[in-house]
Each structure stands twice: as C-alpha cells, then as structure tokens.
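Let me begin by presenting the structure, written as structure tokens, before commenting on it.
Each reported figure results from applying straightforward, stated rules to the coordinates on display, with no laboratory input. Worth saying up front: this structure is predicted, and the values here are computed from it rather than measured. Positions of Cβ are backbone-derived with ideal geometry, glycine not excepted, and every protein chain shown enters the neighbour counts.
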Amino acid sequence: MNKYYKLSLIFILAVFVFSNCSVKRITIDSTALFMDDISDSFFEEGDIDFAEQAIPANLKLLEGLIKGSSYENDNLLLKGCKMFGMYAMGFIEDATTDKKLDKKNLKRASVFYEKAKDYGLMIFKKKSDFKSALEGTIEDFIKILPAFNENDIELLFWAAFAWGSYINLNKTSPYAIADLPKVKAMMERVIELNDKYFYGLPHLFMIVYYSMPKMFGGNLEKAKEEYDKIIRISEDKFVLADFFMAKYYAVAAQDKELFLKLLNKIENASDDIIKEKLFTQVAKKKSLILKEKIKDLF
C-alpha cells in the first residue's frame with residue numbers, strides 16, 4: 001500500500017468521522033429548538049395526570065440531548081434547568097400526605113433541584129468572571145450581576161429558583177445555606193430587570209425567602225409585601241402564589257385562618273384562569289394535599 005493510498009484512506013476516514021459529528025451536532029441543535037415548543041405545551045396542559053406521566057420521558061430525552069451536545073448547547077442547558085426544577089416543584093414536593101413517602105420525595109426533589117441548578121450554572125460558568133465570583137465573596141458576586149441584562153432574565157430566574165429550592169430543602173447543611181445570599185442577589189437582579197416576568201414569579205421566590213426563620217433573613221412583613229406585588233402583577237390570577245403564601249407565610253405566622261382562606265381560594269379558581277393551565281392544576285392538587293396536613297402544621 002503506497003503512502004498516497006494511505007493518506008487518501010486517512011482523509012476519507014477523517015471526513016466520515018467529522019461529517020458524522022457534524023450531523024449529530026446539527027441534529028441535536030435542531031431538536032433543541034423544538035424543546036421550547038415542548039416545554040410551552042406542557043405548561044399549557046390542563047390534564048395534570050397526563051402531564052405528570054409524560055414529562056419524565058421528555059426529561060430523559062432532554063438529558064440525553066444535553067449529554068450528546070457535550071454540555072455546550074446553552075439552549076438545552078437552560079431547558080434542563082427550567083424543566084427539572086419545574087418538575088421537582090410541581091410533581092415531587094407536596095405530592096403525598098404519607099409522611100414516610102413525603103420524606104423520600106423531599107430527597108428526590110433535592111436531587112432534581114441540584115441537577116437543575118447545575119445545568120443553569122454551567123452556562124454562567126462559561127464566563128470566567130462569573131466563575132471566579134461564584135467562588136468568591138458575596139461582595140464579589142454582587143459586583144458582576146449588573147453585567148446581566150434583559151436577555152438573561154429567564155436563565156437568571158430559573159437558575160436562582162432551582163438553587164434556592166435546593167437550599168430550602170437542605171437548610172441543615174452549612175454549605176448549602178452559605179450560598180443563600182448569592183441566590184437572593186440573583187433573584188433581586190431579576191426583579192430589577194423585570195419583576196413582571198411570568199406573572200411576577202420572582203416575587204414568589206421572595207415570599208419563600210422572607211418566610212424563613214429570622215436567622216436566615218426571614219421577615220414576615222416583607223413576605224406579605226412580596227405576595228401583594230405578585231397579586232397586583234398577575235391581576236390575582238396566578239394561584240400558585242396563594243399556595244406558596246399558605247405553605248410558607250401562613251404556617252410561619254401560624255395564621256390558620258389565612259391558611260384555609262388561601263387554599264379555598266385556589267380550589268375555587270377557574271381551571272383556565274391563565275393560559276399556562278398546568279401551574280393552576282399544580283396549585284390545586286398541592287393545596288388539597290397541604291390542607292390534609294393542617295393538624296401537623298398548626
């Protein structure tokens with residue numbers, strides 16, 4: 001075999017390998033574009049049982065695409081951050097009145113939130129200044145946040161939501177709690193940029209934050225102010241806010257009357273009060289389960 005034949009063979013093999021890689025990358029990038037439509041269709045789904053059964057398979061597909069892209073496709077990473085976090089909140093937390101199963105679910109939710117957080121932070125860590133600030137002090141971290149603009153709102157919110165939710169389920173961990181000021185700073189940046197994002201969803205996070213014990217930064221008066229803001233922004237249509245207000249604020253304040261009032265409000269809400277029906281259905285299902293826990297909460 002002469003050297004020219006060998007070189008030709010190597011060239012053909014290289015073209016084959018690289019073309020296959022290109023086809024794979026193009027396929028993944030093209031599929032990533034459809035994930036926007038898929039996530040939107042889930043949010044608009046009114047049948048909560050159908051959504052709960054269908055989402056896990058799509059999460060595995062999404063996870064495979066993320067891995068196939070070598071974690072380089074930011075759109076897929078964002079969808080992973082958003083969908084894994086939403087699934088944990090919507091279908092794993094507050095899913096049962098069985099105490100033993102509930103404890104198991106909280107551990108599962110923690111794993112999903114951590115995965116969602118990691119996907120979001122993977123995008124941010126591609127920026128060297130963010131990566132170094134993430135490992136630095138809260139002062140260093142706050143200094144880099146003004147670099148994020150309106151185009152970063154979705155990523156900032158869902159990364160902070162997943163990270164904050166993970167911390168909320170791991171409050172006994174000093175390592176987790178140590179990051180809480182950074183998460184709060186991220187959410188405050190979202191509020192600065194557009195506090196009306198998704199019916200005022202950033203304020204929902206702040207309800208949870210300010211309903212925490214004082215040692216973690218809690219302030220019930222501020223929690224009530226955040227609730228009032230989301231009610232005003234959403235025109236009192238985003239009933240998931242009522243659920244979070246009942247679960248966190250009313251319980252922290254030991255206001256049983258408000259607790260029941262909020263849960264009854266959710267139960268009586270119209271199924272199509274907002275276009276994204278799944279959020280309403282999630283609130284309704286979770287409120288029924290939460291109401292059954294009333295003796296343990298008050």
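Going by neighbour counts of Cβ atoms within 10 Å, the residues 222, 79 line up, fewest first, as 222, 79. When the chain is modelled as a GNM with alpha-carbon springs shorter than 10 Å, which of 251, 282, 208 fluctuates the most? Highest fluctuation of the listed residues: 251.
In plain terms, the residue of 245, 215 with the fewest other Cβ atoms within 10 Å comes first and the most crowded comes last, giving 215, 245. Among 166, 175, 197, the largest mean-square fluctuation in a Gaussian network model of the chain (Cα springs under 10 Å) belongs to 175.
Would you mind ranking 172, 280, 97 by Cβ crowding within 10 Å, fewest neighbours first?
By the 10 Å Cβ count, ascending: 172, 97, 280.
For region 92-168, GluC sites (Glu not before Pro) are listed when DSSP marks them as loop and at most 14 other Cβ atoms sit within 10 Å of their Cβ; the list is 135.
Residues whose amide H lies under 5 Å from that of residue 169, counting only those 5 or more places away or on a different chain, are absent; hydrogens are built 1.01 Å from N in the peptide plane. Note on the chain: GNM, Cα springs under 10 Å; of 130, 205, 157, the largest mean-square fluctuation is that of 130. Once the Cα atoms are used to define both axes, helix 180-194 deviates from the longest principal axis of the chain by about 90 degrees.
Work out, step by step, the length gained on full extension between residue 255 and residue 177: first 0.36 nm times the residue separation, then minus their alpha carbon distance; give nm to one decimal.
Numbers: separation 78, 0.36 × 78 = 28.08 nm, distance 2.66 nm.
Between residue 255 and residue 177, full extension yields 25.4 nm more.
Axis angle, to the nearest 10 degrees, between helix 99-124 and the longest C-alpha principal axis of the chain: 50 degrees. Applying D = kT/(6 pi eta Rh) to the chain, where Rh is the Kirkwood radius over alpha-carbon pairs, T corresponds to 20 °C and eta to 1.002 mPa s, the Stokes-Einstein value obtained is 103 µm²/s. Value of Rg to Rh for region 119-245, rounded to two decimals, is 0.96; Kirkwood radius and Rg both from alpha-carbon coordinates. Once the gyration tensor of the Cα atoms in region 198-238 is diagonalised, the equivalent ellipsoid follows with semi-axes of 21, 9, 5 Å, ordered largest first. Dipole size of the chain about its Cα centre, with +1 on Lys/Arg Cβ and -1 on Asp/Glu Cβ: approximately 1120 debye, rounded to the nearest 20. In order along region 224-236, phi translates into HN-Hα couplings of 5, 5, 5, 5, 4, 5, 5, 5, 5, 5, 8, 6, 6 Hz, rounded to whole numbers, per the Karplus curve 6.51 cos²θ - 1.76 cosθ + 1.60 with θ = phi - 60° and x for Gly and Pro.
Label-to-label distance for residue 275 and residue 143 is 4.2 nm, based on points extended 7 Å past Cα in the beta-carbon direction.
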